[in-house]
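Comments concern the structure below.
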Amino acid sequence: MDNFNEEHKLVREMIQKLCRDKVVRRAAEVDKTEEYPWDLHQLFVENGLFNIRVSEKYGGAEMDYTSACIVVEELAKVDGACANTVAHHQAGMCCFMDGANEVQKEKYLPKIGRGDYLVGFAMTEPNSGSDAFSLKTRATMEGEEYVINGGKCFISNGGITDLYVLFTTVNPAQRREGITAFLVEKETPGLIVGKNENKMGFRASPTRELTFDNMRVPKENLLGKIGKGWELVLQSLTETRVLVAAMALGIAQGAMETAILYAKQREQFGQPIINFQGISFMLADMAIQVECARALIYKLAAMVDQGKRKLHYYASVAKCFASDMAMKVTTDAVQVLGGYGYTSEFPVEKMMRDAKATQIIEGTNQIQRIQIAKGLIKMY
Ligand SMILES: Cc1cc2nc3c(=O)[nH]c(=O)nc-3n(C[C@H](O)[C@H](O)[C@H](O)COP(=O)(O)OP(=O)(O)OC[C@H]3O[C@@H](n4cnc5c(N)ncnc54)[C@H](O)[C@@H]3O)c2cc1C
């Protein structure tokens with residue numbers, strides 16, 4: 001049940017083949033070792049996963065947002081970590097495309113269009129998570145440059161990113177009105193990449209601290225306008241949140257498929273366990289939730305592609321529903337597999353760990369519910 005065009009179907013088939021042939025086996029390995037899979041990275045570069053939406057003029061595939069969601073969903077079916085790497089690059093890209101002026105686009109798009117140049121999104125700080133307006137990383141103008149001091153944490157692709165979209169404040173007292181974004185290249189003196197977090201899930205997707213020690217950034221690297229950084233976040237919010245929803249959908253779909261196949265072949269009491277209503281209803285509930293999430297996500301993706309704006313309310317609904325759904329479906333998948341589901345012999349325990357992150361990233365689900373409730377007050 002879908003409305004995908006031929007291009008979307010081809011993208012899905014291409015990623016499915018890639019995942020089947022190359023990603024599945026490596027995903028389990030690097031989940032244990034926590035190393036970044038550069039071999040898979042190279043494969044993604046060769047298959048254009050990092051420049052999928054970049055204009056052909058710059059070497060990209062110029063595909064639509066729906067295609068980007070399909071890529072993230074299909075990767076997440078077999079590995080949440082790879083999906084997170086690609087999705088967070090897309091999140092950085094959304095802000096870049098919304099905020100960059102023509103000079104910045106001419107400078108960076110040829111690099112991004114090559115397909116091996118990653119863009120990151122750096123907002124969260126040790127004392128500023130959900131309360132993003134309280135961020136303290138400070139940018140002070142000195143002559144033709146900004147001097148930046150402070151630090152970020154939990155930055156996906158930290159250390160492997162080439163260009164960070166960095167959110168600072170020019171005046172912490174101004175909260176939202178002080179937030180100002182910059183483009184920061186990875187080699188910038190004063191940028192210190194910290195330790196990789198030892199995480200529950202997404203273990204092969206690096207999550208690092210960044211420290212800025214008198215880091216000097218030319219004023220040409222200001223992204224958007226002074227004090228207008230939050231507007232960039234708002235502009236890209238729909239796209240970044242629906243991508244997380246697509247990631248959650250993929251994780252849930254992967255867990256559901258594993259659970260169904262297992263329940264069909266595992267026998268207890270002389271018959272396949274799928275014959276027991278206690279199991280088959282659990283699988284039916286998974287399918288109901290997965291299909292509802294898919295319908296909402298791709299409806300929103302199509303609306304983004306049609307140029308519809310102001311979809312934040314629905315993006316929060318999709319992100320919240322899909323990630324809560326993924327947590328429930330993966331937990332139930334472990335249950336369907338019984339003791340085997342609890343071991344790393346099967347992928348569902350990893351999927352359950354990966355699903356948890358989708359309830360936290362891109363605004364926790366509590367924050368999404370606050371946004372949804374605000375929307376309701378306006379609407380009714
Ligand atoms: C794997 C991973 C990757 C990430 N990647 C990035 C990245 O690339 N870039 C980036 O900038 N950040 C990234 N983050 C950070 C992520 O966006 C934050 O963790 C998230 O926004 C929550 O912030 P916090 O962890 O400080 O939690 P807090 O804000 O401290 O929240 C703690 C708890 O309190 C709840 N809470 C807070 N305020 C309220 C409220 N008003 N009402 C009700 N409940 C509330 C939260 O929902 C949560 O349950 C990543 C995080 C993870 C885990």
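Taking the criterion of being within 22 Å of residue 70 (Cβ to Cβ) and open to solvent by 10 Å² or more (accessible area, probe 1.4 Å), the residues of the range 241-267 that qualify are 241, 253, 256, 257, 258, 260.
Please go through (1) open to solvent by 70 Å² or more (accessible area, probe 1.4 Å); (2) at positive phi for residue 360 and return the number of the only condition it doesn't satisfy. The failed condition is (2).
Whether any residue in the range 168-177 is in a strand (DSSP E or B) and either more than 12 Å from the ligand (Cβ to nearest atom) or crowded, with 20+ Cβ neighbours inside 10 Å (or both) is what I want to check.
yes
Among the residues here, residue 149 does not qualify as in a loop (DSSP other than H, G, I, E, B), outside the structural domain of residue 236 (by TED's automatic domain parsing) and open to solvent by 20 Å² or more (accessible area, probe 1.4 Å). Comparison of 130, 156 shows that the only residue that is open to solvent by less than 40 Å² (accessible area, probe 1.4 Å) and either within 16 Å of the ligand (Cβ to nearest atom) or touching a His at 6+ places or on another chain (Cβ under 9 Å) (or both) is 156. Kindly list, by first and then second residue, each pair from a residue in the range 248-265 that is free of Cβ contacts under 8 Å to residues at least 40 places away in the same chain and assigned by TED's automatic domain parsing to the domain that holds residue 341 to a residue that is part of a helix (DSSP H, G or I) and buried (at least 24 other Cβ atoms within 10 Å of the Cβ), limited to pairs with Cβ atoms under 9 Å and residues at least 6 apart or on different chains. These pairs meet every condition: 260/286; 260/336. When 18, 49 are checked against the criterion of being modelled with pLDDT of 95 or more and outside the structural domain of residue 202 (by TED's automatic domain parsing), 49 stands alone in meeting it.
When the residues of the range 93-112 are filtered to those that are within 21 Å of the chain's Cα centre (by Cα) and over 13 Å from residue 163 (Cβ atoms), the one that is nearest to the ligand (Cβ to nearest atom) is 94.
The values are calculated or read from the model by the stated rules, or taken from the named source; none is laboratory data. Note that the structure is a prediction, hence the values are computed from the model and not measured. Glycine also receives a Cβ, built like all others from the backbone with ideal geometry; neighbour counts cover every protein chain displayed. Protein only, heavy atoms only, side chains kept; ligands, DNA and RNA dropped before computing areas. Shrake-Rupley method; radii C 1.70, N 1.55, O 1.52, S 1.80 Å.
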